[in-house]
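Everything on this sheet refers to the single structure shown next.
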Amino acid sequence: MQDSRHRTRQRMTLLLLVGAGCINYIDRATLSIGNTAIMADLHLSYETMGWLLSALAWTYMISQIPIGLLADRLGGRVFLGASLVLCSFSEILFGLVDSSTNIFWTRALLGVGEAPLFLAGTRVLVHWFAAEERGSAIGLFNGSASLGPALAPPFLLAIMAWWGWRDMSVLVGVINLLLAVIWIVYYRDPVSGEVSAPTPAHSARASLRSALKDDLGYLLRQRNTWAATAGYTGVVYLSSLYVTWLPAWLEKTENLSVIQAGLLSAFPQIFSFLGCFMGGRLMDMISQRGVAPLVACRRTVVLSMLACAILTGTLALQPGSIPAIVLLTFTLFASGVAVSCGWTLGTLIVTENRVATLEAIQNTGASLGGVLAPLLTGILATRYGSFGPAFILACGIGLVSVVMYHKGFSGRTLKS
């Protein structure tokens with residue numbers, strides 16, 4: 001009976017985190033889906049929209065390390081609940097403002113609100129899932145970063161068709177608030193004796209000096225930390241490119257309407273979700289056969305990123321509607337595998353009490369990729385009148401990421 005209750009709590013915790021991840025990325029998609037409507041309403045250029053699309057990633061990046069240190073010291077219940085409330089507030093504000101400057105600041109606020117989710121959420125999953133089943137759980141959780149963008153177009157476009165982009169954002173904010181209440185009411189950490197119950201290594205009373213020296217300072221001195229960070233920057237650059245600019249790219253290259261491009265962009269994102277989930281399952285299967293998880297994870301990331309980079313370069317050739325959709329499905333599947341295994345890698349090279357801090361360092365680099373992808377794509381599209389150069393640049397960044405994962409690691413885990 002106790003095991004059954006434990007499994008139920010495991011699954012409900014994972015389900016709530018996946019739901020939060022989906023809402024997290026639906027939040028991000030409100031600007032992407034409303035892209036051309038907002039540009040027309042406020043008379044914005046592609047370059048200005050590129051800055052707006054990158055606003056969230058700037059504050060998301062800056063917030064990572066302080067949020068990671070807090071996540072290793074605070075429980076997930078109130079910390080994640082508060083972050084969802086902040087996301088709700090910023091989305092509602094987004095629907096009320098009337099200038100590009102104010103949109104920038106509401107998106108920047110959203111970046112702060114979203115920063116804790118995948119750091120504290122990963123720590124929660126480390127508490128609840130044993131190492132041999134953690135890959136699937138983290139893969140499914142990371143898959144929400146693709147499932148959200150897949151669900152967003154039909155959901156958001158339907159709202160926007162009836163009420164406009166402003167009401168679309170307000171409604172998403174209300175859903176965020178509802179999920180925050182459910183999380184705070186339901187979630188509790190595992191109790192003593194349950195699998196992966198929280199370790200007492202850190203507490204909220206741990207000193208700032210200890211946090212900076214023993215955790216952050218130690219991790220920043222390790223080669224593996226920098227290799228994981230540099231590699232994941234490329235992973236997120238490519239995934240962010242497709243999350244932020246895919247509808248506009250389909251509109252321009254395939255001569256589609258806003259609604260057609262928005263709905264069509266959802267289909268490949270489903271394969272990104274499947275890639276995230278399958279990447280995690282693959283990790284668990286390989287680990288259960290005796291292969292070192294770190295080795296299996298690195299090889300999977302290398303192969304998936306190589307495929308993603310090459311396919312992205314191929315898409316720059318504008319192969320036509322049907323070939324483009326086929327290539328996109330394979331590209332985003334490979335991207336999903338890389339996202340899942342790249343994130344899981346962070347839980348394999350450190351002890352539990354440093355998981356959120358390591359992931360925060362890695363995600364700081366990833367956020368740089370998230371900043372640069374929409375910004376550079378918007379600049380290049382404005383300058384050349386085509387998305388081709390931006391896709392070629394993304395291909396090159398992906399290949400650099402492959403080299404970092406393949407050659408950058410020292411081959412040992414950070415256990416001291």
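Were the residues from I310 through F267 laid out at 0.36 nm apart, the gain over their Cα-Cα distance would be 13.4 nm.
Would you mind ranking M285, M160 so that the residue whose beta carbon has the fewest other beta carbons within 10 Å leads the list?
Ordered from fewest to most neighbouring Cβ atoms within 10 Å, M285, M160 come out as M285, M160.
Would you indicate which of (i) 96, 52, 52; (ii) 54, 47, 44; (iii) 57, 43, 43 is the value of Cα extents along the principal axes in Å derived from the coordinates of this structure? Entry (iii).
Count Lys and Arg as plus one, Asp and Glu as minus one, and take only other residues whose Cβ is under 12 Å from that of A20; the net charge is then -2. Each of D167, D3 was scored by other Cβ atoms within 10 Å of its Cβ. Listed from fewest to most, they are D3, D167.
Based solely on its DSSP helices, what 222 nm [θ] is calculated for the chain when runs of n ≥ 4 H residues each add -39,500 (n - 2.57) and the sum is averaged over all residues, nearest 500 deg cm²/dmol?
Values: 13 runs with 333 residues, N = 416.
Calculated mean residue ellipticity at 222 nm is -28500 deg cm²/dmol.
Scanning residues 5 or more positions from V350 or on other chains, those with amide H under 5 Å from its amide H are L414, with H placed 1.01 Å from N in the peptide plane. Scaling against 2.2 N^0.38 Å puts the C-alpha radius of gyration of the stretch 5-98 at 1.34.
Every read-out reported here was derived from the displayed coordinates using simple, explicitly stated rules and does not represent laboratory data. Small disclaimer: the values here were computed from a predicted structure and weren't measured. When we count neighbours, we look across all protein chains shown, and the Cβ atoms used for this are built from the backbone with ideal geometry, even at glycine.
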